[in-house]
Amino acid sequence: MIDKGILYGISLGPGDPGLITRRAWALLEQDDVHWTYPVRGKGHQSFALSITRAAGLRPPSGCEPLVFPMTHDQARLAAAWSAAAQRVGEILRQGRDVLFLVEGDASIYSSFGYLARTLTALDPDTRVETVAGVSSFSASAARLQMPLTDLDDRMAILPAGYGTDTVDHLLDEFDTLVLLKVKPLLDDIIDLLARRRLLEHAVFCEKTGTPEERIVRDLNSLRGTSVNYLSLLLVKNPDRVGGR
């Protein structure tokens, strides 16, 4: 009887190949492993795969995309997760380990979590390992020499898609806000920060650590512009209500 392979969530960091951990690198260099990576649809490119190429790592033959559509349609999402999990399960049953490539850290708002949960629901004996990595916001903070927290500071991390009302509320509760995936609501968030006189305490970061890196401190200059999906805002609130 063939022992089933292991599913690995391979965190690759935000884009700088130098931030790939030694653990992830060792797994990526192994022979007879099957690479998979998320894409939004057929024909779309994978940023995670591009990180490995920038690192000089050669994808093995049979490296394949798994589709995770950008939609709130729960039926479509469930169907995509199920199809991806069934495909990975097929490979694991052949005794091969599967590496699922993830930009940033696989534990933070990652498609790997959906894949692992769906797969273990189908087969509870599936072995899963998450390889920790550098998150986009920690890399951005380091690049900016900006401590995210000091002493008893409070920090919240969330996608901007929760809406400006939620962001407004959290600004009263936390000293630092990390807002991920800001593209759809960027102008609304800039308006909110302007009303709260926090523009000078916020920084926009896009594709940190890559040749396309963009860091913008003048948020007003971003109004009406198109930004990348892989962008975020780091916001400090020195006047938090109830703070020190």
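Values quoted throughout were computed directly from the atomic coordinates according to the rules given, and no laboratory measurement underlies them. Nothing here was measured: the structure is a model prediction, and the numbers come from that model. Neighbour counts run over all protein chains shown; Cβ positions are idealised from the backbone, glycine included.
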So who's got an amide H within less than 5 Å of the one on S231, skipping anything under 5 residues away but keeping other chains? H placed 1.01 Å off N, in plane.
K181, V182, K183
Ranked on Cβ counts within 10 Å of their own Cβ, fewest leading, K42, K183 go K42, K183
Determine the equivalent ellipsoid of the stretch 1-131 by diagonalising the alpha-carbon gyration tensor, then write out the semi-axes as square roots of 5 times the eigenvalues, largest first, rounded to whole Å.
21, 19, 13
Report, in deg cm²/dmol and to the nearest 500, the calculated mean residue ellipticity at 222 nm for the chain, where each DSSP H run with n ≥ 4 adds -39500 (n - 2.57) and the sum is divided by the residue count.
-9500 deg cm²/dmol
Determine the dipole magnitude for the stretch 118-183: charges of +1 sit on the beta-carbon of Lys and Arg, -1 on that of Asp and Glu, nothing else is charged, the reference point is the Cα centre, and the result goes in debye to the nearest 20.
420 debye
In the stretch 143-218, trypsin sites (Lys or Arg not before Pro) in a DSSP loop with at most 13 other beta-carbon atoms within 10 Å:
R197, R217
Debye equation applied to the C-alpha atoms of the stretch 95-146, log10 I(q)/I(0) at 0.13, 0.29 Å⁻¹:
-0.41, -1.16
If you rank H201, H72, H34 by fewest surrounding Cβ atoms within 10 Å, what's the result?
H72, H201, H34
If a/c stays under 1.5 just call it rounded; otherwise compare a/b with b/c (prolate if a/b is bigger, oblate if not). Do that for the stretch 136-236, with a ≥ b ≥ c from the square roots of the Cα gyration tensor eigenvalues.
oblate
Charge dipole (the stretch 6-131, unit charges on Cβ, about Cα centre) - positive-most of V39, G95, G62:
V39
Most positive-pole-ward Cα, T225, L170, P211, against dipole of the stretch 136-236 from beta carbon charges:
P211
For the pair K183 and I6, what calculated FRET efficiency results from E = 1/(1 + (r/R0)^6), where r is the Cβ-Cβ distance and R0 = 35 Å, to the nearest 0.05?
0.50
Does the stretch 1-73 classify as rounded, prolate or oblate by the C-alpha gyration tensor (a ≥ b ≥ c root eigenvalues; a/c under 1.5 gives rounded; else a/b over b/c gives prolate, otherwise oblate)?
oblate
According to a simple spin-label model (label point 7 Å from Cα along Cα-to-Cβ), what is the distance in nm between T166 and R117?
1.4 nm
If I model a spin label as a point 7 Å beyond the Cα along the Cα-Cβ vector, how far apart are those points for E212 and R53 in nm?
1.1 nm
Spatial separation of Cα centroids for the stretch 181-244 and the stretch 65-83, in angstrom
29 Å
Suppose R0 equals 25 Å; then what is the FRET efficiency for A194 and N228 from their Cβ-Cβ distance, rounded to the nearest 0.05?
0.65
Which of (1) 38, 17, 15; (2) 30, 24, 20; (3) 35, 19, 17 is the computed semi-axes √(5λ) of the Cα gyration tensor in Å for the structure on display?
(3)
Taking θ = phi - 60°, what integer Hz values does the Karplus form 6.51 cos²θ - 1.76 cosθ + 1.60 yield along the stretch 94-102, in sequence order, with x for Gly and Pro?
7, x, 9, 6, 10, 9, 9, 7, 9
FRET E, pair R93, H44, Förster distance 22 Å, beta-carbon r, rounded to 0.05:
0.20
Whose amide H sits under 5 Å from the amide H of I6, counting only residues 5 or more places off or on another chain, with H placed in the peptide plane?
D97, V98
A correct Karplus calculation of ³J(HN,Hα) over the stretch 138-148, with 6.51 cos²θ - 1.76 cosθ + 1.60, θ = phi - 60°, whole Hz and x for Gly and Pro, returns 6, 5, 5, 4, 5, 4, 8, 6, 10, x, 6
How far apart, in nm, are two points set 7 Å out from the Cα along the Cα-to-Cβ line at E64 and at R143?
3.4 nm
